[in-house]
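Down below is the structure, laid out as structure tokens.
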Amino acid sequence: MALLKGLFGKLKEGLTRTREAFVGQLRSILTGRRLSEEVLNEVEARLIQADVGVKASRRLVDNLRADFRAGTLQRGEDALEHLKRQIKEMWPPTDRSLRFAEHGPTVIMVTGVNGVGKTTSIAKLASMLRGQGRSVLLGACDTFRAGAVRQIEIWAERVGVEVVKGQQGGDPAAVAFDACAAAKARGVDVLILDTAGRLQTQDPLMRQLSKIKGVASKQIDGAPHEVLLVLDATSGQNALRQAEEFAKAAGVTGIFLTKLDGTAKGGIVVAIREESSIPVKFVGVGETPQDVQAFDPEAFVEAMFAVEETTPR
Ligand code: GDP
């Protein structure tokens, strides 16, 4: 229970700016007011500004409007509750946990555009899996980017896992091959492959990703078991476009949404749910390997709508 409280506290703290920009603003629009077409338009504009996305914002407000016109929704405070309920209902209970191999190593490919927090997120995943008692090996397949291998090595050392690497500029698929072979030989539970992300519109890069997938699947049954796309919450709607492109090209199975702490754009979670079929599986709420949480929509929406404490900390 203490742990749960701690996790929620961390999430709530991380979502402070989102809460202020999103629900805080909605609260000031709605509190003490009767609904009207004008108020509803203000709500819709606010949702869009909070990165909830045009599509979801319109749908959510259309539902409010329908109840308002039917005479069953009149108070601003009730509209806020209505919105919270609607947003929560967007995520029916589903299994968002990682898919593990039944036998042999589980292979998790991680991709994402430079700077989104890919390396940090890999360290977070490795640390989390180690905490669950699983052995982890990293494959440094991002051979394009100068310094990427060194960066992953530094993190690996910090979280106590080994890295299989190749030459900078070398063939990423060859590194994937070696990493898979090492994972099998050493009998590790999870192999995390760091793959280059650069621009999702770069065709050769996408071909590279499929080549790595092919290499993994040939060596290890069912691999890759997960393809995680790292997206930066601070990039707002741009993150959605990346999700679309990568989904087409790389068969992404889950999203790791980083940097939710310190951004006002946390509403992007709602836009991703509305506009993409890829589930958010993890959220990053800080810069240390411990700052990762499995995405829990119920807790997320509660944290977003939480009422600010009035007592000073
Ligand atoms: P990469 O280029 O995608 O591998 O990105 P890095 O892992 O090097 O991270 C880029 C920057 O984002 C670093 O300064 C990280 O500390 C920071 N970062 C990564 N994830 C998070 C997060 O969840 N929250 C915050 N606040 N910063 C993060």
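The values are calculated or read from the model by the stated rules, or taken from the named source; none is laboratory data. Every value quoted in this text rests on a predicted model; they were computed, and no experiment measured them. Note: ideal-geometry Cβ built from the backbone for every residue, glycine included; neighbour counts use all protein chains shown. The area values use the complete protein model at the heavy-atom level, side chains included, leaving out ligands, DNA and RNA. Shrake-Rupley method; radii C 1.70, N 1.55, O 1.52, S 1.80 Å.
On the given criteria, is Gln168 touching a helix residue (DSSP H, G or I) at 6+ places or on another chain (Cβ under 8 Å), within 16 Å of the ligand (Cβ to nearest atom), under 23 Å from Gly286 (Cα atoms) and of a type outside the set (A, V, I, L, M)? Walk me through how you get there before you give the answer.
Details: touching a helix residue (DSSP H, G or I) at 6+ places or on another chain (Cβ under 8 Å): yes; within 16 Å of the ligand (Cβ to nearest atom): yes; under 23 Å from Gly286 (Cα atoms): no; of a type outside the set (A, V, I, L, M): yes.
So Gln168 does not fit the description; no.
What residue, among those in the range 150-179 that are β-branched (Val, Ile, Thr), under 16 Å from Ser127 (Cβ atoms) and not in a loop (DSSP other than H, G, I, E, B), is least open to solvent (accessible area, probe 1.4 Å)?
Checking each candidate, the answer is Ile152.
Identify the residue in the range 80-129 that is free of Cβ contacts under 8 Å to residues at least 12 places away in the same chain and outside any loop (DSSP other than H, G, I, E, B) and, among all such residues, is farthest from the ligand (Cβ to nearest atom).
Glu81
If you scan the range 263-313, which residues turn out to be basic (Lys, Arg), outside any loop (DSSP other than H, G, I, E, B) and away from the ligand (no atom under 16 Å from the Cβ)?
Arg273
Where in the range 7-67 are there helices (runs of 4 or more DSSP H), lying wholly inside it, with at least 1 residues that are of a type in the set (Gly, Ala, Ser)?
Ranges flagged: 25-30, 37-49.
Taking the condition more than 18 Å from Leu228 (Cα to Cα) and either among the aliphatic types (A, V, I, L, M) or touching an Asp or Glu at 6+ places or on another chain (Cβ under 7 Å) (or both), does Val161 pass?
So Val161 passes the test.
Give all pairs with beta carbons closer than 6 Å in which a residue from the range 226-248 that is within 22 Å of Arg207 (Cα to Cα) meets a residue that is outside any helix (DSSP H, G or I) and aromatic (Phe, Trp, Tyr); count only pairs at least 6 apart in sequence or on separate chains.
Leu228/Phe256; Val230/Phe256
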